[in-house]
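Asks: Submitted below is the structure of interest, expressed as structure tokens.
The values are calculated or read from the model by the stated rules, or taken from the named source; none is laboratory data. What you see is a predicted model, and the numbers here were worked out from it, not measured in a lab. As a convention, Cβ positions derive from the backbone with ideal geometry for all residues, glycine included, and neighbour counts pool all protein chains shown.
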């Protein structure tokens with residue numbers, strides 16, 4: 001793949017995800033462990049969440065919330 005073909009991806013840390021979802025980092029890590037939020041491991045202790053996947057998850061939550069009204 002050439003440099004021009006590379007798609008730049010953006011990732012969030014657990015702390016950044018927690019802030020966006022108004023949750024604690026511990027809760028976000030548990031959600032990742034339970035498979036609720038997909039994450040990529042970089043090294044032994046570093047987790048990152050893809051921006052697109054997080055946005056999809058947030059939209060899913062918003063749709064579910066609007067159905068319950």
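Asks: Please go through segment 19-69 and give me each residue that is farther than 23 Å from residue 9 by Cα, at pLDDT 95 or above and part of a helix (DSSP H, G or I), ordered by number.
Replies: Matches in segment 19-69: 26, 27, 30.
Asks: Could you look through segment 22-33, keep only residues that are surrounded by 16 or more Cβ atoms within 10 Å (Cβ to Cβ) and in contact with a helix residue (DSSP H, G or I) (Cβ under 7 Å, 6 or more places away or on another chain), and pick out the one that is farthest from residue 47 (Cα to Cα)? Outline the logic, then answer.
Replies: Of segment 22-33, the ones surrounded by 16 or more Cβ atoms within 10 Å (Cβ to Cβ) are 28-29, 31-32.
Next, only the ones that are in contact with a helix residue (DSSP H, G or I) (Cβ under 7 Å, 6 or more places away or on another chain) stay: 28-29.
Working: 28: 11, 29: 9 Å.
Filtering first and then ranking leaves 28.
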